[in-house]
Amino acid sequence: MKAVVSKLYCSSMEEVMVVRRRPHVVNGGGFVVTDYKEKIVFKIDGCGVLGTKGELVLRDSDGNDLLLIHKKGGVVQALSIHNKWKGYSYDYQGSPKPVFTLRDPKHSCFSITSSIRISVGPGNSYFDVKGYFPDRDCSIVDSTGNVIAQVKEWIGSRDIYKVVTKPSVDKAFVFGVIAVLDYIYGESTSC
């Protein structure tokens, strides 16, 4: 898989990451991602910190912004049967650069499909989310059907779960997508 956000977050082997949800009273909600040694890898902040509904920030362990993710609005969005989220990384000069668009169906009787699709970059590359995130049983699948990441339940806890990423997968991209799923389903990043 080609890096979506940065090659720095791709690993040569499969990795198991642990996600711990933060309550809304701690820095506005969100979650923290750690590796198997319990070292923080990413922090995701919800709307409480940003003060804006529908905006998320994915940061590295040092607090540097990696992705700004926001829900697209406006009249066209209101008439669409899909909600769109845009993810932006920062280029070497600090300007935002679009890296992905996540499209999920609005909950309505007009919605024909329930799949969540993520379009990446200028080409026709895409990913789908299969399964149901609130049950901690879903996968991010590439356009050829290969699973690149799996969200799995952590036995005995609703606030902790694990994410298994396959080799060569951009973990910053994966956790950007998971941050949006968390918001869509009204969990720790939502207002």
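For this structure, a couple of remarks:
- Screening the stretch 143-171 for residues that are charged (D, E, K, R) and either touching a His at 6+ places or on another chain (Cβ under 6 Å) or part of a strand (DSSP E or B) (or both) and picking the one that is modelled with the lowest pLDDT gives Arg158.
- Restricting attention to the stretch 1-56, the residues that are of a type in the set (Asp, Glu) and at pLDDT 90 or above total 4.
- Failed item, numbered, when Ile155 is tested on (1) closer than 18 Å to Val16 by Cβ; (2) within 14 Å of the chain's Cα centre (by Cα); (3) free of Cβ contacts under 8 Å to residues at least 40 places away in the same chain: (2)
- Some residue of the stretch 170-186 being under 26 Å from Gly63 (Cβ atoms), among the β-branched types (Val, Ile, Thr) and open to solvent by 10 Å² or more (accessible area, probe 1.4 Å): yes
The values are calculated or read from the model by the stated rules, or taken from the named source; none is laboratory data. In this text, all values refer to a predicted model and were calculated from it rather than measured experimentally. Neighbour counts are summed over all protein chains in view; Cβ atoms, including those assigned to glycine, are modelled from backbone coordinates with ideal geometry. Ligands, DNA and RNA are stripped out before the accessible areas are found, and what is left, the full protein with its side chains, is counted by its heavy atoms. Shrake-Rupley method; radii C 1.70, N 1.55, O 1.52, S 1.80 Å.
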